[in-house]
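Read the structure below first, then the notes.
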Amino acid sequence: MPSWSITKSVLASAVLRLVDLGVVDLDSRFDDWPLTVRQLLQHTSGLMNYGGPTYQQAVSAGETVWPVDDLLRRCSARELLFAPGEGWAYSNIGYLFLRRLIERTIECDLGTALHRLVFEPLHVTRTHIAAGPADMIQTLWGNPNNYDPRGPFMAYGLDLRSTP
């Protein structure tokens with residue numbers, strides 16, 4: 001079954017494992033952004049969520065994956081909703097940044113990193129990132145609308161499929 005945004009918990013678990021290993025600091029800044037890893041995890045970074053008319057048009061048109069820089073530009077991601085730490089706003093863009101942090105720190109793709117950091121220690125063997133529409137066909141719902149988990153609206157790239 002697909003897990004969609006529930007899988008943000010898996011990303012958060014991976015980041016916290018990196019903190020436990022001493023290779024990530026929750027209060028360090030993320031790249032050249034004025035926000036911290038902790039704020040990304042807590043949705044208090046000030047980053048907006050992607051959405052609005054551009055998002056709706058892309059989904060309706062069945063557009064392919066937006067390159068990350070294009071996604072950030074289309075969403076005006078540099079225009080923070082509030083000063084980091086001064087509010088709360090759900091943000092898939094924040095979790096895209098956490099994905100980048102995980103991949104860069106572990107020096108491998110997200111799927112491999114999640115297996116090393118989260119799934120293997122828990123002996124979870126039947127959970128994988130959906131790589132495309134064919135993976136979604138294998139879910140209980142099938143894939144009648146040819147949903148692509150890599151589409152512009154899944155930028156953080158974490159659409160897990162798993163058994164219950």
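Things to note:
- When the square roots of the Cα gyration tensor eigenvalues are ordered a ≥ b ≥ c, the ratio a/c for the stretch 37-110 is 1.5 or more and a/b does not exceed b/c, which makes its shape oblate.
- Net +/- balance of residues flanking C75 in space, Cβ distance below 15 Å, scoring K and R +1, D and E -1: -1
Each reported figure results from applying straightforward, stated rules to the coordinates on display, with no laboratory input. Please read these numbers as outputs of a predicted model, since none were measured by experiment. Neighbour counts run over all protein chains shown; Cβ positions are idealised from the backbone, glycine included.
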